[in-house]
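Colleague: Pasting a structure here, questions to come.
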């Protein structure tokens, strides 16, 4: 019975994953379709899957509460039956049943990777961190009671009682003494684990409206989901900028709106300070993602940005990603400047134009499709 339940559950999850994969573009373009549930899980509504339900047979047989009666009559003995009729008018359309399915972020990442054919990421150089873990390696005669191996202890007690002739098969009581106790033994094992940091930078000047920020939020969720599936340890930092830049938390990042001018170099300089202070390039895989509508204060500031990219940002990063979110108020000039400088022969720089929500999936493939 347990085997059948497990088999049916696995089959159901396989169907669910297939349905999500089939509708992935809709889920990606509509950020509200996916809701976080804790750190490692998400819930996704699937209105397309029919919920199993009972149906009456077509044979005229008796059932519960057999006897005379008409449809709508109250069932005797049931609380709440036969009370005042409900308020409101009757409808003539079926309700929509939504089934909320819970998936791990790892499962969601696998669906995204399969659909977009994303390659596994190859960490840059030797960017790993040393992690100490306790590895159980054997059995010892001494140790803390919390690590006592009960099965081994009782086996040893049984051997001792049989050997000494004190074991009684008719009264099989086994009482371990101190010499019988066995404990799990361990040693410290140092492993090399890849670790990464994602630094999101976003223009929050007046030309970046709510729609543009929602596109950034949705795309960032899926980028996070994939990168977290590739690295054991990952951190995320957030920078917003108009004419000046500052580091903020995630909530502020997606909800702040300013009205000043735009100096993109202010964000790149703050990124440089954060990396220098907290993330040694020899130990971390570094992923800067910058989102803007392409406006910058001047050509001179763009020149400063390109200089920072060439001398500081690109050398310490696995890849630098710039996503230009189209806006009716943005000129898009910064994308053109970056394309002119890094458009050909620079695999360490990835540029993507995101015209609307429908373009999010293609942009994710642009950023993650090279396996960097």
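Computed from the coordinates by the stated procedures, all read-outs in this text should not be read as laboratory data. Note that the coordinates shown come from a computational prediction; the quantities given were computed from them, not determined experimentally. Using ideal geometry, Cβ is built from the backbone for each residue, glycine included, and neighbour counts are taken over all protein chains shown.
Colleague: Please say if the range 193-368 is rounded, prolate or oblate, where rounded means a/c under 1.5 for a ≥ b ≥ c the square roots of the C-alpha gyration tensor eigenvalues, and otherwise the choice is prolate for a/b larger than b/c and oblate otherwise?
Modeller: Cα axes put the range 193-368 in the rounded bin.
Colleague: Measure off 7 Å from each Cα along the Cα-to-Cβ vector at residue 243 and residue 256, then give the distance between these two points in nanometres to one decimal.
Modeller: In this crude spin-label approximation the distance works out to 1.6 nm.
Colleague: Using the Cα gyration tensor of the range 161-244, with a ≥ b ≥ c the square roots of its eigenvalues, what is the shape: rounded (a/c below 1.5), prolate (a/b larger than b/c) or oblate (neither)? Numbers along the way, then the final one.
Modeller: On the way: a/c = 6.34, a/b = 4.02, b/c = 1.58.
In terms of gyration-tensor shape, prolate.
Colleague: Next up: Once you put a point 7 Å from the Cα of residue 358 and another 7 Å from the Cα of residue 102, both along the Cβ direction, what distance in nm separates them?
Modeller: 3.6 nm
Colleague: Classify the range 282-345 as rounded, prolate or oblate from the Cα gyration tensor: take a ≥ b ≥ c as the square roots of its eigenvalues, call it rounded if a/c is under 1.5, otherwise prolate when a/b beats b/c and oblate if not.
Modeller: On the way: a/c = 2.13, a/b = 1.64, b/c = 1.30.
Verdict is prolate for the range 282-345.
Colleague: Moving on. Could you sort 216-224, 299-307 so that the peptide with the highest average Cβ count within 10 Å comes first and the rest follow in order?
Modeller: On the way: 216-224: 20.8, 299-307: 15.8.
Ranking, from highest mean packing down: 216-224, 299-307.
Colleague: A further question on this structure: Where does each of 326-339, 359-372 land if you order them by average Cβ count within 10 Å, highest first?
Modeller: Listed from highest to lowest mean packing, they are 359-372, 326-339.
Colleague: Starting with the fewest neighbours, write out 246, 357, 182 ranked by other beta-carbon atoms found within 10 Å of each beta-carbon.
Modeller: Fewest-to-most Cβ neighbours within 10 Å comes out as 246, 357, 182.
Colleague: Using R₀ = 56 Å, calculate the FRET efficiency as 1/(1 + (r/R₀)^6) where r is the Cβ-Cβ separation of residue 370 and residue 185; round to 0.05. Don't jump to the answer; show the numbers that get you there.
Modeller: Values: r = 45 Å, r/R0 = 0.81.
With R0 = 56 Å, the Cβ-Cβ based efficiency is 0.80.
Colleague: Stokes-Einstein D for the range 133-189 at 20 °C, 1.002 mPa s, Kirkwood Rh over Cα pairs, in µm²/s?
Modeller: For these conditions, the coefficient is 174 µm²/s.
Colleague: Can you tell me the FRET efficiency between residue 312 and residue 139 if r is taken as the Cβ-Cβ distance and R0 is 35 Å, rounded to the nearest 0.05?
Modeller: 0.05
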